[in-house]
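Right, one structure below, let's go through it.
The values are calculated or read from the model by the stated rules, or taken from the named source; none is laboratory data. Being a predicted model, the structure only gives us computed values, none of them experimental. Don't worry about glycine lacking a Cβ; one is built from the backbone with ideal geometry, like all the others, and counts go over all protein chains shown. Ligands, DNA and RNA are stripped out before the accessible areas are found, and what is left, the full protein with its side chains, is counted by its heavy atoms. Shrake-Rupley method; radii C 1.70, N 1.55, O 1.52, S 1.80 Å.
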Amino acid sequence: MALTLDARALLAPAQAGAAALAQAQQAVEQAALALKAGALVGLPTETVYGLAADADQAQAVGRIFDAKGRPKDHPLIVHLAGATAAQWQAGVAHYARALPDFALKLMQAFWPGPLTLILPRRPEVGAASAGGQDSIGLRCPAHPVAQALLQACQAIGVQGLAAPSANRFGRVSPTTAEHVRDEFDAQLSDAELLILDGGPCPVGIESTIVDCSRGRPVLLRPGMIGIEALEAAIGQPVALRDQAAPKASGTLESHYAPTARVRLMPQAEMQAALDLLGADARHIAIYTRQPVSSASRHLLLRYMPTQAEACAQELFAVLRELDQPGVKLIWVETPPADPAWDGVRDRLQRAAA
Ligand code: TXA
Ligand code: MG
């Protein structure tokens with residue numbers, strides 16, 4: 001059993017009662033001490049929940065890889081405190097050996113927020129978190145609970161938190177504290193994992209990743225900060241990733257996969273298949289924007305929001321919900337070609353691969 005502590009009062013401190021706020025703050029302090037002692041913490045961020053450890057303790061970081069079943073050479077993102085720009089700059093200076101001008105501009109434009117930058121690593125820090133790479137992924141999250149925890153960590157000498165998404169390797173990322181518990185409850189005791197409940201993640205898919213370690217910006221993973229916004233912030237083009245890009249589990253072709261088989265298709269194709277199966281359509285879950293009809297009473301149907309932001313926010317929770325016993329196929333309507341949908345389309349294509 002993992003221990004879950006409620007920290008949701010920090011989301012709206014002005015509205016929360018004094019007692020709830022004090023309890024949330026206490027939960028955060030307890031989590032910081034657990035991290036200092038080498039334990040793991042389920043960390044709410046605005047994108048997805050992370051499985052965090054002190055980035056500078058190799059043994060604690062090793063526990064993340066063990067718990068996830070993640071290959072040791074897949075690097076982790078290090079999360080930085082950022083109450084002020086000066087604070088995240090100090091964090092960047094601790095881990096990064098160099099900071100190209102375009103990377104600084106991206107940080108200034110989007111931190112704290114759902115953007116991760118890969119930078120050349122100072123060789124003496126973060127080797128375990130970086131999975132042996134000579135670079136390091138850095139992100140300053142905007143979530144109030146994440147920032148409260150990072151502040152509490154700073155106060156006791158923990159500089160950064162290494163955290164991949166808190167799911168077992170290859171599986172759907174968690175966007176609620178309950179998802180994190182579902183992933184690791186059987187495996188980790190409450191001395192090994194403390195989960196901070198910070199409510200459902202507002203962005204819902206993982207951060208945009210830009211590699212800034214090779215002289216020019218390269219997009220490694222699309223997210224809700226789109227390429228156009230990145231280019232506008234730095235006034236230069238951002239390249240798409242190529243074969244030479246470093247290995248990144250979120251960029252493996254098959255990832256974020258439920259147990260049922262996911263298939264992407266246009267609505268017309270989905271409708272034609274349903275017509276063909278008629279009343280016999282079974283074991284199928286459907287996630288579509290445009291309405292479909294079926295003579296079968298055994299379909300599980302969810303409508304996809306028409307806005308990319310709303311779809312991203314619910315996407316992983318919906319995939320988990322549709323992936324229930326008895327469902328063998330999840331049919332998803334292909335997202336629009338519009339760039340606003342790049343992040344969602346990317347996750348769905350990997351879920352379907
Ligand atoms: O939104 C997010 O980024 C979430 C939250 C928890 O912050 N984290 C997340 O972590 O998605 P993870 O480990 O599931 O995905 C991080 C990706 C991986 O594909 C990893 O390989 C890549 O970032 N990455 C991290 N450090 C890297 C490095 N030095 N070079 C190349 N890729 C790196
Ligand atoms: Mg992941």
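Of the residues that make up the range 193-210, is at least one assigned to a helix (DSSP H, G or I) and out of contact with any Ser or Thr (no Cβ under 8 Å at 6 or more places or on another chain)? Break it down stepwise before answering.
Residues of the range 193-210 that are assigned to a helix (DSSP H, G or I), as a first pass: none.
No: zero hits.
One line per residue, one yes/no per condition, for (1) more than 16 Å from ligand 2 (Cβ to nearest atom); (2) surrounded by fewer than 16 Cβ atoms within 10 Å (Cβ to Cβ); (3) in contact (Cβ under 8 Å) with a residue 12 or more places away in the chain:
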residue: Arg8; (1), (2), (3): yes, no, yes
residue: Leu33; (1), (2), (3): yes, yes, yes
residue: Ala39; (1), (2), (3): yes, no, yes
residue: Val48; (1), (2), (3): no, no, yes
residue: Ala55; (1), (2), (3): yes, no, yes
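Filter the range 122-162 down to residues that are among the hydroxyl-bearing types (Ser, Thr, Tyr) and within 16 Å of ligand 2 (Cβ to nearest atom), then give me how many there are. Give the steps one after another, and end with the answer.
Step one: list which residues in the range 122-162 are among the hydroxyl-bearing types (Ser, Thr, Tyr), which gives 129, 135.
Adding the requirement that they be within 16 Å of ligand 2 (Cβ to nearest atom) leaves 129.
Here the count works out to 1.
Can you tell me which residue is farthest from ligand 1 (Cβ to nearest atom) among those in the range 189-248 that are open to solvent by 70 Å² or more (accessible area, probe 1.4 Å) and under 15 Å from the mean Cα position of the chain (by Cα)?
Pro200
If Leu106 meets every condition in (1) of a type outside the set (Val, Ile, Thr); (2) open to solvent by 20 Å² or more (accessible area, probe 1.4 Å); (3) over 17 Å from the mean Cα position of the chain (by Cα) apart from one, which number is that one?
(2)
Looking at (1) part of a loop (DSSP other than H, G, I, E, B); (2) within 13 Å of ligand 1 (Cβ to nearest atom); (3) open to solvent by 20 Å² or more (accessible area, probe 1.4 Å), can you tell me which one Gln159 breaks?
For Gln159, the exception is condition (2).
Can you find a residue that is out of contact with any helix residue (DSSP H, G or I) (no Cβ under 6 Å at 6 or more places or on another chain), β-branched (Val, Ile, Thr) and outside the structural domain of Ala312 (by TED's automatic domain parsing) anywhere in the range 159-179?
The answer is yes, given that some residue of the range 159-179 is out of contact with any helix residue (DSSP H, G or I) (no Cβ under 6 Å at 6 or more places or on another chain), β-branched (Val, Ile, Thr) and outside the structural domain of Ala312 (by TED's automatic domain parsing).
Looking at (1) within 13 Å of ligand 1 (Cβ to nearest atom); (2) crowded, with 23+ Cβ neighbours inside 10 Å, can you tell me which one Ala177 breaks?
So the condition that Ala177 fails would be (1).
Given (1) over 22 Å from Ala148 (Cβ atoms); (2) touching a residue at least 24 places away in the same chain (Cβ under 8 Å); (3) open to solvent by less than 20 Å² (accessible area, probe 1.4 Å), identify the lone condition not met by Gly69.
(3)
Which of the following residues is outside any helix (DSSP H, G or I), buried (at least 24 other Cβ atoms within 10 Å of the Cβ), on the phi > 0 side of the Ramachandran plot and in contact with a strand residue (DSSP E or B) (Cβ under 6 Å, 6 or more places away or on another chain): Gly137, Gly126?
Working: Gly137 fails: on the phi > 0 side of the Ramachandran plot.
Selected residue: Gly126, the only one of Gly137, Gly126 that is outside any helix (DSSP H, G or I), buried (at least 24 other Cβ atoms within 10 Å of the Cβ), on the phi > 0 side of the Ramachandran plot and in contact with a strand residue (DSSP E or B) (Cβ under 6 Å, 6 or more places away or on another chain).
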